[in-house]
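Before any comments, here is the structure.
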Amino acid sequence: MRHGVWFLVLGVLVAALGAASASADGTATTTTTTTSTTTTTATTTTAPTTTTPAPTFSRLAPTYLPAGCVGAGDAAIAMPGRAVLGLGTPAYSRGPSAYPAKSPIVRFLSSAASGSSCTGAHVTLESVSLFGGAVTASAVSATHGRGSVSGVKIYGSSVALGAGHAVGVGGWGQVTAGKTVGRITAPLVVQLLAAHRGLPAGTTIAFAFAAAPQAAAKPKHKHHSSGGTHHSRTTKKADKSPQKAPARPKKEHRHHKALGPQPLTATPSLGFKSRHYVFPVDGGATYGDTYGGVRNDIYDGWHHGDDLFAPLGTPVVAVARGKLSLVGWNELGGWRLWLTDRKGNSFYYAHLAGYARWILTHRHVRAGQVIGFLGRTGDAFTTPPHLHFEIHPHLYVDLGYDGAVDPTRYLGVWKVEHVPADEIPQPAKLTAPRGTPRQEAAVVWHQLLVARHLLPAKGAASASASASSSGGRPFPHPPSLLASGVGPLPAAHVRPTGAHVATSASDMPLLVGGPLGAVVALSAAAGAFLFRRRRRTDAASPPAAPDVSA
C-alpha cells in the first residue's frame, strides 16, 4: 500500500515540475520573440519610406446649360422638371474634381480637354466615380458626346457594356453606354429609377457629355392615333397609348410656333373619395415621382406617369370598378390595357408580363380584381420589372394622351390590398407581333410561369432566380440555403488556423508536451497501477484467524 501511494505522489510531483518548466519555457520563448521583433523594427525604421498622399479634390462649379450647343463638358445632372445642371463647362484640363465637395455625387481624378468648336470639342475623364464608388470607370472619352468608356464597375464588380446596353444598379438605377437623353449625349449615362442619395427618380447623370441646342417647340397635337398591334378581341377604339415621335416634316413654319404639350401641374379630384380606389400593384410597390421626366422616345419628350417596381409576376389589380379596353400589344408599352371608371377617368397599365385569363372575355371589373401580372415587355425589356401607370382625369379628356396628370399624390393615399391566393387567376398567353417583340415577350412569359410556380425551375440557381422574381405569395420560398439568397460566410469571418488563442492558467497542465510530458504521464500511470494492484491483493488475502486463547 505504502509503495503505491509513494509512486502516485512521485507522479504528481513530476507533473507539477513539468508544468512549471513548460511555463518557464513559454515565458522564455515569448521574451525571445519580443526581442527579435524589437530588433526587426529597429532595423526597419532606419530604411527610408515613401507615402503617396491622397489627392485633394476641388469643387466643380455648377452652371445651368445655355440654350445653345455645348460641345463638351465633364458631367451633367438633369432632374425632372428642372434646368440641366452642367459641371465643368466649358471643358478644360482639370485635376482631381468633385461635386459637391461634401459627399460627392460625381468625382474624377483628372480631366483633359481640347478643341473649342461646338462639334469638335473633346474631353477625357480618368478614374470616374459616381455616388462614392457605386459606379466607376477607369476612363471616359468623347468628342461632342460620342466616344468610349472603359473599366466600368458596379459596386466593385466589372461589367461589360455594349453600345446602348443597360445594366441595373442596386435596384435604384441603370447605367448605359452611349445614350442620348433629351439634349444630352454621352458615352456613360446613369439614370435613377428610384430616389437615391437626395436625387429624385428620373434623374439623369452623364459623363463627358455634349448638349445639342435647345430644340424648337413642336406644335400641339390634337389627336394621336394608334400604331400598335392589338389582340383580335381588342375594342375598336383610338389608342391613347404613347407612340414614337413622328418624323419632322420637310417644311416648317419658322414663325409663331406654339409651345408643345407640357406636363400638367394640377391634380384634380377624380369624382370619388380616395377609399374608392385601390393601389394598382398587389401588396404595394417601390416608386418615385417620375412624372414629367425626360423621355426622348415620346413625341412630346416627357414621362406621362410613374413606374412602380415590384418582383416580376406580382399580380396587378384594377384600381376601380370600370371597363377594360385596348387589351393587347403596343410597341412601347408591350402588353398593356386601359381601364375607365364610372366617372370617365382613364388609367393606363403598361409593360405587363401577361393578363388574367378571364379578362379576355369579361371586360367589366371591380376594384381590387387581378387583371394582369407585372413584367417588363415593350421598351422596358432591358429594365427591372415594373408597371408603368398613368392617370387621365375626365376633366382633361379633350387633351388626348397629354391629359395625363402626376399620379404620385393619388397613389400615396390609395389603399393597398393583398389578393387572397384562391382569387389569383391563371395567366393568359397572347401572341405578340413577329420578330423581336415576340422573342422578348416569350422570354418574359417564361419568367412569369416560373415566378408563379407554373413551370418548374431547373437547378438551385434557377430556383433562386424564381424566388427573387416572384411575388412570394401565395407560394412559399424554397427551403434551400441557396434559393433563400443566403450566401456562404465571408472569408473575413473565418478565423485562420494559425491564429493565436489566449490560454488561461487553468489550462496550462493540459498543454505539457515533449519528452517531459511523456515521463509525467508514465509516472502517473505507474503509480495508479501499483495502487490499484495493492488494493486488489489486500482484498484477496484470507482473513486472520480469531484469537481463541484463554
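The values are calculated or read from the model by the stated rules, or taken from the named source; none is laboratory data. Quick caveat: nothing in here was measured; it's all calculated off a predicted structure. Here Cβ is always computed from backbone atoms with ideal geometry, including for glycine, and neighbour counts include all displayed protein chains. Remember, those area values only see protein heavy atoms, side chains included, never the ligands or the DNA or RNA. Shrake-Rupley method; radii C 1.70, N 1.55, O 1.52, S 1.80 Å.
Considering each residue of the stretch 147-171, count those that are modelled with pLDDT under 85 and either aromatic (F, W, Y) or assigned to a strand (DSSP E or B) (or both), and give that number. Of the residues in that region, 2 qualify.
This table checks each residue for (1) open to solvent by 10 Å² or more (accessible area, probe 1.4 Å); (2) under 25 Å from A195 (Cα atoms); (3) out of contact with any Gly (no Cβ under 8 Å at 6 or more places or on another chain).
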residue: P100; (1), (2), (3): yes, yes, yes
residue: I105; (1), (2), (3): yes, yes, yes
residue: F108; (1), (2), (3): no, yes, yes
residue: G120; (1), (2), (3): yes, no, no
residue: L125; (1), (2), (3): no, no, yes
residue: G151; (1), (2), (3): yes, no, yes
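Take V370 and decide whether it is modelled with pLDDT of 95 or more, in contact with a Lys or Arg (Cβ under 9 Å, 6 or more places away or on another chain) and open to solvent by less than 60 Å² (accessible area, probe 1.4 Å). Spelling it out, it is not the case that V370 is modelled with pLDDT of 95 or more, in contact with a Lys or Arg (Cβ under 9 Å, 6 or more places away or on another chain) and open to solvent by less than 60 Å² (accessible area, probe 1.4 Å). Screening the stretch 302-324 for residues that are in a loop (DSSP other than H, G, I, E, B) and over 27 Å from the mean Cα position of the chain (by Cα) and picking the one that is farthest from V84 (Cα to Cα) gives R321.
Of the listed requirements (1) touching a residue at least 60 places away in the same chain (Cβ under 8 Å); (2) buried (at least 16 other Cβ atoms within 10 Å of the Cβ); (3) closer than 24 Å to A457 by Cα, Y401 misses just one: (3). Residue selection: H362 satisfies the criterion of being of a type outside the set (G, A, S), open to solvent by 10 Å² or more (accessible area, probe 1.4 Å) and assigned to a loop (DSSP other than H, G, I, E, B).
For the stretch 173-187, does any single residue satisfy the condition of being exposed (fewer than 15 other Cβ atoms within 10 Å of the Cβ) and not aliphatic (A, V, I, L, M)? So far as the stretch 173-187 goes, no, none of its residues is exposed (fewer than 15 other Cβ atoms within 10 Å of the Cβ) and not aliphatic (A, V, I, L, M). For the stretch 427-442, state whether one or more residues are in a helix (DSSP H, G or I), of a type in the set (V, I, T), surrounded by fewer than 16 Cβ atoms within 10 Å (Cβ to Cβ) and in contact with a helix residue (DSSP H, G or I) (Cβ under 6 Å, 6 or more places away or on another chain). Checking the stretch 427-442: not a single residue is in a helix (DSSP H, G or I), of a type in the set (V, I, T), surrounded by fewer than 16 Cβ atoms within 10 Å (Cβ to Cβ) and in contact with a helix residue (DSSP H, G or I) (Cβ under 6 Å, 6 or more places away or on another chain). Of all the residues in the stretch 302-321, those that are open to solvent by 10 Å² or more (accessible area, probe 1.4 Å) and under 18 Å from H362 (Cβ atoms) number 1. Within the bounds of the stretch 70-89, is there any residue that is under 14 Å from A208 (Cβ atoms) and surrounded by fewer than 16 Cβ atoms within 10 Å (Cβ to Cβ)? No, the conditions are met nowhere in the stretch 70-89.
So is Y299 touching an Asp or Glu at 6+ places or on another chain (Cβ under 7 Å), open to solvent by 10 Å² or more (accessible area, probe 1.4 Å) and in a loop (DSSP other than H, G, I, E, B) or not? So Y299 fails the test. If you go through the stretch 85-134 and keep only what is in a strand (DSSP E or B), in contact (Cβ under 8 Å) with a residue 40 or more places away in the chain and of a type in the set (S, T, Y), you end up with S97, Y99, T124. One residue stands out in the stretch 411-426 among those that are outside any helix (DSSP H, G or I) and not charged (D, E, K, R): the one that is surrounded by the fewest Cβ atoms within 10 Å (Cβ to Cβ), namely P420. Considering the stretch 135-145, and only residues there that are touching a residue at least 24 places away in the same chain (Cβ under 8 Å) and β-branched (V, I, T), the residue that is surrounded by the fewest Cβ atoms within 10 Å (Cβ to Cβ) turns out to be T143.
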